[in-house]
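Below: one structure, written as structure tokens.
Each value in this text was obtained by applying a stated rule to the coordinates, not by laboratory testing. None of the values given here were measured: they were computed from a predicted structure. Here the Cβ positions follow ideal geometry from the backbone for every residue, glycine too, while neighbour counts run over all protein chains shown.
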Amino acid sequence: MKIIKHTKQSSLLSSKGFSLIELVIVMIILGIIIAASSSRLRDITVNVRINSAANQITSDIDQAKSMSMGRRKQIKFVFNQNNETYTIYEENNLFTDYPGSLNGVVSLSETNNSGVDITSVNLNGTNILTFDKWGTCLQGGTIILNQYKEIHVKKITGFWEIKNL
């Protein structure tokens, strides 16, 4: 009986837990999976921010068109690529109470849209988008965000289209 007891005890001792090598291998595999998923997650969040900024700009364009007709005043956007903002003017005065702006300035580098760059603005050779008092868009052209999204604004109608580059 002692022999049987001794073999049972030795088999129990040898089957307890994981070896150090098994634990290290599992940790390495988990590290690789986490590293791969975090870089992919970063790409997804940047795309969401770019889409959010494009939606912000296009909704402001629609709102400015409606407000220009409703107020019978010219509304103008001046895009600034250096600090990722656009400023809104009403009849050449800063439109300080424009909805969603901070004293007439909309910043794309705020926390919600950080990492979004206005790569290029070409609105008939300028960085200005103007709606006259009848809601007519006086310039047409493109606004490019992070070299991935292009907002194409049509002259006269002010209709816009977002394209992936």
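Okay, here's what the table says:
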item: Kirkwood Rh, Cα atoms: Rg over Rh of the chain; result: 1.50
item: Cα-projected label distance for Val48 with Lys154, points at 7 Å along beta-carbon direction, nm; result: 3.3 nm
item: For segment 103-161, radius of gyration divided by Kirkwood radius, i.e. Rg to Rh on alpha-carbons; result: 1.01
item: Cut-off under 5 Å, modelled amide H: who pairs with Asn80 long-range; result: Thr85, Tyr86, Thr87
item: 222 nm mean residue ellipticity, helices alone, for the chain (DSSP H n ≥ 4; -39,500 (n - 2.57); rounded to 500); result: -14500 deg cm²/dmol
item: In nm, spacing of pseudo-spin labels at Arg72 and Ser38 (7 Å Cα→C-beta vector); result: 6.0 nm
